[in-house]
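Some notes on the structure that comes next.
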Amino acid sequence: MNFPEQLKAARAASGRTQAEMASELGVDKTTYCGYETGRRQPDINKLRQLIALLDVSADQLLGTEGSGSATPEELEKLRRYRLLDVHGRDLVDTILQKEYERMTRPKLLEKEKHGWVTYINCYDLAVSAGSGEPWVDAAYTTRLEIPGELVPERAHFCVRVNGDSMEPAYRDGDIVFVERVEGFVNEGEIGIFFLNGDGYIKRLGQGELLSLNPKYGPIPVHDYDALFCQGRALGKLST
């Protein structure tokens with residue numbers, strides 16, 4: 001998001017109105033509204049005041065944090081969290097920790113080893129190696145039973161490829177092992193992505209998702225807040 005959008009989101013998360021912000025900054029409401037619409041720009045002193053009032057970093061307010069910046073929804077959740085008492089925060093922290101462990105530890109729920117067999121979950125809805133595959137209400141299939149030596153140690157789940165844009169590495173119908181990551185894969189790595197409701201297996205480029213098949217052009221990413229990385233491709237099931 002750009003500065004006006006970040007400012008509006010941070011103000012909303014703080015629970016302040018535009019009039020309250022204007023009063024605390026010592027400007028009239030029209031001037032402050034101009035900050036949120038982009039018609040006006042605060043000087044360096046006003047920018048420092050905004051950072052202090054909203055309890056945000058300069059990078060966050062200016063929209064220079066990249067993919068790690070908080071979304072308006074996340075800021076709203078933070079605002080609500082700050083209103084909780086000690087009991088409420090303990091409850092939220094406990095649930096958050098358990099869910100974090102569930103999503104990052106492959107042996108909790110998503111992968112189990114029994115002797116020479118590994119059971120691993122596979123998304124029922126294939127990711128697209130083409131123009132995009134909807135990921136609305138995606139569910140897991142019955143867990144796959146795969147010989148343990150064929151499953152990478154870091155794999156958390158699988159997806160099925162739909163399309164040919166990632167050939168020759170990944171072909172239509174291939175089952176790809178995926179490692180969950182925090183944030184994004186590194187530039188140049190192949191990952192599983194959500195963008196505007198569609199699922200993709202693509203190589204991450206600079207501001208774009210790239211195919212390996214030269215007949216497919218890059219998919220531009222105009223807003224990194226709309227792009228979510230589900231994990232890193234570790235290779236496919238060899239049959």
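The values are calculated or read from the model by the stated rules, or taken from the named source; none is laboratory data. On a predicted model such as this, the values are computed, not experimentally measured, just so you know. Cβ: placed from backbone, ideal geometry, glycine included. Neighbour counts: every protein chain shown. Only protein heavy atoms, including side chains, enter the accessible area calculation; ligands, DNA and RNA are left aside. Shrake-Rupley method; radii C 1.70, N 1.55, O 1.52, S 1.80 Å.
Close Cβ contacts (under 9 Å, 6 or more residues apart or on different chains) running from residues in the range 172-184 that are within 16 Å of PHE194 (Cα to Cα) and at pLDDT below 85 to residues that are open to solvent by less than 30 Å² (accessible area, probe 1.4 Å) and outside any loop (DSSP other than H, G, I, E, B) comprise GLY183/CYS229. Among the residues of the range 8-25, is any closer than 30 Å to LEU227 by Cβ and in a loop (DSSP other than H, G, I, E, B)? Yes: one or more hits. Candidates are the residues of the range 56-92 that are at pLDDT 85 or above and not in a helix (DSSP H, G or I); the one that is surrounded by the most Cβ atoms within 10 Å (Cβ to Cβ) is LEU84. Just one of the numbered conditions (1) touching an Asp or Glu at 6+ places or on another chain (Cβ under 9 Å); (2) closer than 21 Å to TYR123 by Cα is not true of GLN230: (1).
Note on the range 219-239: residues that are farther than 28 Å from ASN2 by Cβ and open to solvent by 30 Å² or more (accessible area, probe 1.4 Å) amount to 6.
Against the conditions (1) touching a residue at least 12 places away in the same chain (Cβ under 8 Å); (2) open to solvent by 50 Å² or more (accessible area, probe 1.4 Å); (3) under 19 Å from ARG80 (Cα atoms), where does GLN49 fall short? Just the number, please. Unmet condition: (3). If the condition is being open to solvent by 40 Å² or more (accessible area, probe 1.4 Å) and under 28 Å from ASP223 (Cα atoms), then the range 144-163 contributes ARG160, ASN162.
Residues in the range 190-218 that are at pLDDT 90 or above, open to solvent by 30 Å² or more (accessible area, probe 1.4 Å) and either in a strand (DSSP E or B) or under 24 Å from GLU149 (Cβ atoms) (or both): 3 in all. Spot the failing condition for GLY26; the list is (1) of a type outside the set (Phe, Trp, Tyr); (2) buried (at least 16 other Cβ atoms within 10 Å of the Cβ); (3) at pLDDT 85 or above, and only one is missed. Condition (2) is where GLY26 drops out.
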